[in-house]
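Here's a structure for you.
The values are calculated or read from the model by the stated rules, or taken from the named source; none is laboratory data. Keep in mind that this is a model prediction, so the values were computed, not measured. In this analysis, Cβ positions are derived from the backbone assuming ideal geometry, glycine residues included, and neighbour counts consider all displayed protein chains. Note: areas computed on protein heavy atoms with side chains; ligands, DNA, RNA excluded. Shrake-Rupley method; radii C 1.70, N 1.55, O 1.52, S 1.80 Å.
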Amino acid sequence: MAMRQTPLTCSGHTRPVVDLAFSGITPFGYFLISACKDGKPMLRQGDTGDWIGTFLGHKGAVWGATLNMDATKAATAAADFTAKVWDSVSGDEVLSLAHKHIVKSVSFTQDSNNLLTGGNDKLLRIYDLSNTDAAPQEIAGHSAAIKKALWCNNDKQILSAADDKTIRLWDRTSMDEVKTLTFDTTVSSMEYMADGEILVITYGKTIAFYNALSLELIKTVEAPAPINSASLHPEKDFFVAGGEDFKLYKFDYSTKEELESYKGHFGPVHCVRFSPDGELYASGSEDGTLRLWQTAVGKTYGLWKCVLPEDLGADNSEQMYGSTPEIKA
């Protein structure tokens with residue numbers, strides 16, 4: 001019999017969770033940050049969902065959040081017309097970067113020295129975090145609000161997705177547009193994988209995979225419902241997606257076959273991401289929760305306990321899945 005997927009539910013947010021990101025693997029494990037319309041981004045231990053702290057200071061909905069590779073810094077993008085940089089060890093605000101409109105996206109370079117932002121004023125901005133008095137470099141070209149902006153190609157190029165139904169590739173040095181992808185509908189999400197230079201894009205019911213350097217299409221997969229976010233497993237065996245029907249879907253990357261689907265939340269799924277070790281994926285929803293899901297159901301990992309098949313009984317759910325933490329921030 002197939003084992004039942006039992007997620008760990010992370011409570012604490014009071015409004016929809018709209019973005020999430022994992023750090024890299026550090027000597028202390030890996031970490032997870034969530035952006036929420038309650039204006040209070042939260043940091044958690046990535047493998048258990050245990051709440052570590054809340055970053056306090058924004059005066060509006062937080063639309064984007066990210067951690068640098070070693071999880072020493074966090075950055076957030078908000079409706080209060082600021083992007084903020086935080087010390088994620090102490091929780092202190094390090095820097096507040098004023099913008100002219102709502103900020104939607106934040107991304108660190110690999111060395112954590114630069115921060116890329118994008119938002120409703122249609123401009124990409126690059127801040128030098130070692131020289132905070134300097135004005136940011138600005139890149140114009142999009143004709144509508146920018147949803148997501150990411151570094152790629154060893155931070156030599158930038159990818160941006162906007163409400164003008166385009167994804168654009170930019171050269172960081174010249175700040176010129178290298179290539180543009182145009183879609184029939186607005187792109188709902190974009191994920192970049194440095195290993196293999198793969199770009200994962202969602203729009204409508206479509207999940208599309210592109211080469212991030214050439215923007216050549218690799219493949220597309222149609223889901224049963226409109227999709228808001230998708231994430232490719234680090235080993236590229238499969239990918240997960242979530243969207244408007246409250247469900248989470250898992251597909252085989254090679255064959256495009258749907259492997260699993262289950263009701264993931266009590267509202268639309270806004271964001272989904274694999275952990276850096278690929279052992280779990282996290283989802284964030286309109287219902288205000290984050291949930292952590294096992295990649296290999298039944299494996300002993302984090303707060304999940306393995307159970308041998310002969311131990312499976314009618315009343316096995318508590319024993320089999322360990323605790324489901326209701327984490328109150």
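Spelling out what I want: for every residue of region 23-36, take phi, set θ = phi - 60°, compute 6.51 cos²θ - 1.76 cosθ + 1.60 (Karplus), and round to whole Hz; glycine and proline get x.
So the J values, rounded to whole Hz, are 7, x, 7, 10, x, 9, x, 10, 10, 10, 10, 10, 9, 9.
With the other protein chains left in place, how much accessible area per residue, in square angstrom, belongs to region 9-294 at a 1.4 angstrom probe?
38
Tell me, Kirkwood radius of the chain from alpha-carbon pair distances, in Å? Show your work: numbers first, answer last.
Numbers: mean 1/r = 0.0502 Å⁻¹.
Answer for the chain: a Kirkwood hydrodynamic radius of 19.9 Å.
Another question about this same structure. How much length would be gained if the chain were fully extended between E216 and L259, taking 0.36 nm per residue of separation minus their Cα-Cα distance, in nm to one decimal?
Between E216 and L259, full extension yields an extra 12.9 nm.
Which entries of K73/K219; K84/K236; K122/K205; K104/K179 have Cα-Cα distances beyond 31 Å here?
Listed pairs above 31 Å: K73/K219; K84/K236.
For I25, what accessible area in Å² do you get when you roll a 1.4 Å probe over the heavy atoms of the protein chains, rounding to the nearest 10?
Its accessible surface works out to 110 Å², give or take rounding.
Convert each backbone phi in region 277-288 into a coupling constant with the Karplus relation 6.51 cos²θ - 1.76 cosθ + 1.60 (shift: θ = phi - 60°), then list the ³J(HN,Hα) values in order as whole Hz, x for Gly and Pro.
Residue by residue, region 277-288 yields 8, x, 6, 8, 9, 10, 10, x, 9, 4, 6, x Hz.
What's the local net charge at E93, with K and R +1, D and E -1, over the other residues with C-beta under 11 Å away?
After counting each charged neighbour, the total is -1.
Counting only chymotrypsin sites (Phe, Trp or Tyr not before Pro) that are in a DSSP loop and have at most 13 other C-beta atoms within 10 Å, tell me the longest site-free stretch of the chain.
Working: sites that count: F28, F266.
By the stated rule (loop sites, at most 13 other Cβ atoms within 10 Å), 29-265.
Given the options M175, M42, M69, which has the most mean-square fluctuation in a GNM of the chain, springs set between C-alpha atoms less than 10 angstrom apart?
Answer for the Gaussian network model of the chain: M175.
In whole percent, and with a 1.4 Å probe on the protein chains, what portion of the accessible area of the chain is carbon and sulfur?
Answer for the chain: carbon and sulfur cover 50 percent of the accessible area.
Right, something else. Take D184 and V89, extend 7 Å from each Cα along the Cα→Cβ direction, and tell me the distance between the two endpoints in nm.
Reported label-point gap for D184 and V89 is 5.2 nm.
Residues with amide H under 5 Å of K305's amide H, sequence separation 5 or more or different chain, H placed in the peptide plane at 1.01 Å from N; which?
Under 5 Å from the amide H of K305: G322.
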